[in-house]
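The values are calculated or read from the model by the stated rules, or taken from the named source; none is laboratory data. Computed from a predicted structure; not experimentally measured. Positions of Cβ are backbone-derived with ideal geometry, glycine not excepted, and every protein chain shown enters the neighbour counts.
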2 protein chains.
Amino acid sequence: MAAREYGQYCGVTQALELVGERWALLIVRDLLVGPRRYGELAEGLPRIPSNILAARLKELQAAGILRRAPRSRVVVYELTPYGRELEPVVLALGAWGFKAMGDPRDEQVVTPDSMTMALRTAFRPAVAAELPATSYAARLGAAELLVRVDGARLDVSRGDGPVDLSFAAGPGIRRLISGELAPDRAISTGVVEVLHGRGDLLARFATTFHLAA
Amino acid sequence: MAAREYGQYCGVTQALELVGERWALLIVRDLLVGPRRYGELAEGLPRIPSNILAARLKELQAAGILRRAPRSRVVVYELTPYGRELEPVVLALGAWGFKAMGDPRDEQVVTPDSMTMALRTAFRPAVAAELPATSYAARLGAAELLVRVDGARLDVSRGDGPVDLSFAAGPGIRRLISGELAPDRAISTGVVEVLHGRGDLLARFATTFHLAA
DNA sequence: CCGTATCCGCTCAGATACTG
DNA sequence: CAGTATCTGAGCGGATACGG
C-alpha cells in the first residue's frame, strides 16, 4: 500500500486521499467560480509554488475532479461534474472557518475568487427571495466584484455594469457579514465607503449575505 | 508569516490551516462519535504514528477544536462546541468520498467510528420518520454496531441489545447503501448474512440509509 | 498501560531557475 | 505564458525509548 494512504475503507478517508493534499481544495475553490488558466490559478494563489500547482493539477485530473479543456488556442482547467460536487464541502469549510477569522494580517490578501466563494457561502436565498432584485459593485481589497441578486438567484462576476449600490470596503467587511457591525455604523466609521447609490442599500446587502460568527 | 500559511484572508484557508493537516479531520471524525482516550484514537487510526497523533491533539486543542477532559482518573479528548460544528464538513466529505469508493482493498480496515459516521452520513431522517422504529445489530468487518432508528432520530452505539434485525456484512455493504444491490439480492448472494430476525427488514435498512453513488 | 519524546530515513513542500 | 527541473528544508512515517 502506498505509504501515504490512510488504510481505511471510509468515505472521509477516500475524500482526503483525493483532495486532502495541501492546496488541492483551494484550487477546487477557485475553479468552482469558473474555468481558469494556469496563470490565473497561480495569480489567485500567490503563495503556491509553480511545481506544486502543476503537480496538483495532474493529480486532480487523474482523480477525475478536473479536466484540461482546450479553448481557442489556450488550455483552461475546469471542474468535472464530480469535481463540482465538492461545492458543499468547500462551502461548509468556508462557513466553519469564517467563525475563526480574526482581523486580517498584513500579509493576507483577498482574491476575487475567494471572495466570490465567500459571498456564495454567506448568501441566504430564502431571505433574498423576499427582497427586490438588487445589484452591487463591491470593491474588497484588490477584488472588484459585480454582485447581482435576483430572487433566490445569486450571480457574482468580475465584470462591470450598472448597479444599485457601489461600495468599497476593507476586509473589515467580515464584521458586517457576521452582524457584529451594523450597516450604518459600517458607513459612519469608514469600514465601508459608499461610492455610488443609496447607502441604505447596504442594510439589504447585510441581510442578504450573512454568516454566524 | 509562517511558511505553511496560505496567506489569504478567507474562510476556506482559515479552516484548512486549522484542520487541513494530515490526519486532523480523521481525529475529528472519530471524536464526533464521542469522547475518546488517546489509546482509543490510536486504535481507530491504526496507521497514525504516535508522535503525529500527539502533535495533532496539541494543535487541535490550541485551535479550540478539542479539549482534554479528566474523567475519573483518566483523560479523554472531546470536541468543543466549535469542534462539533465540523460535523457538516465531515459529513459532506464522507458523502462525496463515498462516490469514489471502489471495492475495498485487502489492507483497508473498517473501524467502528468511521462506520458510525458513515451511517450518520447516509441516514435519511425524513424517510426514517415515516417508518416504524427499528433497531439493527450490524457487524461490519471488525465493527459491531447497535443501530437504533426511532422516527427522525438515529443512535449508533457499540453496545449490545435487543434488535429487530441482526446481520453481518463485508464492506460490500457499500453497494447496498448506494442502491446498486437490492436487499434481497444482497442476502441471496451472501453479501449480507442475516443472523437473526426477519430478513425483509434489510429493505427498510436500505431505505433508511442511502447515499448516491 | 497510557501518553509522550526522540531518533532517522524519506517524501513532499517551497524557492528559484530554466525551457518550449 | 505554461509549465518543467533542481535543490533544500520541513513535515511525515516508523521504530524505539522514556516517564507516570
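In region B:21-42, which residues are part of a helix (DSSP H, G or I), touching a residue at least 12 places away in the same chain (Cβ under 8 Å) and near DNA strand C (Cβ under 9 Å from one of its atoms)? Answer for region B:21-42, where residues must be part of a helix (DSSP H, G or I), touching a residue at least 12 places away in the same chain (Cβ under 8 Å) and near DNA strand C (Cβ under 9 Å from one of its atoms): B:38, B:41.
Counting the residues of region B:1-20 that are assigned to a helix (DSSP H, G or I) and not hydroxyl-bearing (Ser, Thr, Tyr) gives 8.
Got at least one residue in region A:83-94 being modelled with pLDDT of 90 or more, within 16 Å of DNA strand D (Cβ to nearest atom), more than 9 Å from chain B (Cβ to nearest Cβ) and surrounded by 15 or more Cβ atoms within 10 Å (Cβ to Cβ)? Among the residues of region A:83-94, not one is modelled with pLDDT of 90 or more, within 16 Å of DNA strand D (Cβ to nearest atom), more than 9 Å from chain B (Cβ to nearest Cβ) and surrounded by 15 or more Cβ atoms within 10 Å (Cβ to Cβ), which makes the answer no.
Within region B:60-76, the set of residues being outside any strand (DSSP E or B), more than 9 Å from chain A (Cβ to nearest Cβ) and either surrounded by 15 or more Cβ atoms within 10 Å (Cβ to Cβ) or in contact with a Pro (Cβ under 6 Å, 6 or more places away or on another chain) (or both) comprises B:60, B:61, B:65.
A single member of B:111, B:121, B:134 is modelled with pLDDT of 95 or more and either within 10 Å of chain A (Cβ to nearest Cβ) or under 15 Å from the mean Cα position of the chain (by Cα) (or both), and it is B:121. Those strands (runs of 3 or more DSSP E) of region A:137-213 in which at least 1 residues are β-branched (Val, Ile, Thr), considering only elements entirely within it, cover A:143-150, A:153-157, A:192-197. Reported count of residues in region B:46-68, each being away from DNA strand C (no atom under 12 Å from the Cβ) and of a type outside the set (D, E, K, R), is 5. When the criteria are applied in full, residue A:79 meets the requirement of being within 14 Å of chain B (Cβ to nearest Cβ), in contact with a strand residue (DSSP E or B) (Cβ under 8 Å, 6 or more places away or on another chain), within 16 Å of DNA strand D (Cβ to nearest atom) and within 30 Å of residue B:213 (Cβ to Cβ). The residue pairs whose first member lies in region B:3-17 and is more than 7 Å from every other protein chain (Cβ to nearest Cβ) and under 8 Å from residue A:114 (Cβ atoms), whose second member is at pLDDT below 95 and within 16 Å of DNA strand C (Cβ to nearest atom), and whose beta carbons are closer than 6 Å, counting only pairs six or more residues apart or on different chains, do not exist in this structure. The residues of region A:24-53 that are surrounded by fewer than 19 Cβ atoms within 10 Å (Cβ to Cβ) and at the interface with chain B (Cβ under 8 Å from one of its Cβ atoms), listed by number, are A:46, A:47.
The requirement of being in contact with a His (Cβ under 8 Å, 6 or more places away or on another chain), modelled with pLDDT of 95 or more, under 27 Å from residue A:85 (Cβ atoms) and not charged (D, E, K, R) is satisfied by residue B:127. Cβ-Cβ distances below 6 Å connect the following pairs, each with a first residue in region A:161-176 that is in the same structural domain as residue A:118 (by TED's automatic domain parsing), a second residue that is among the β-branched types (Val, Ile, Thr) and crowded, with 21+ Cβ neighbours inside 10 Å, and a separation of six or more residues or different chains: A:167/A:192; A:169/A:192. Being in a loop (DSSP other than H, G, I, E, B), in the same structural domain as residue A:171 (by TED's automatic domain parsing) and closer than 30 Å to residue B:80 by Cβ is a property that holds for residue A:105.
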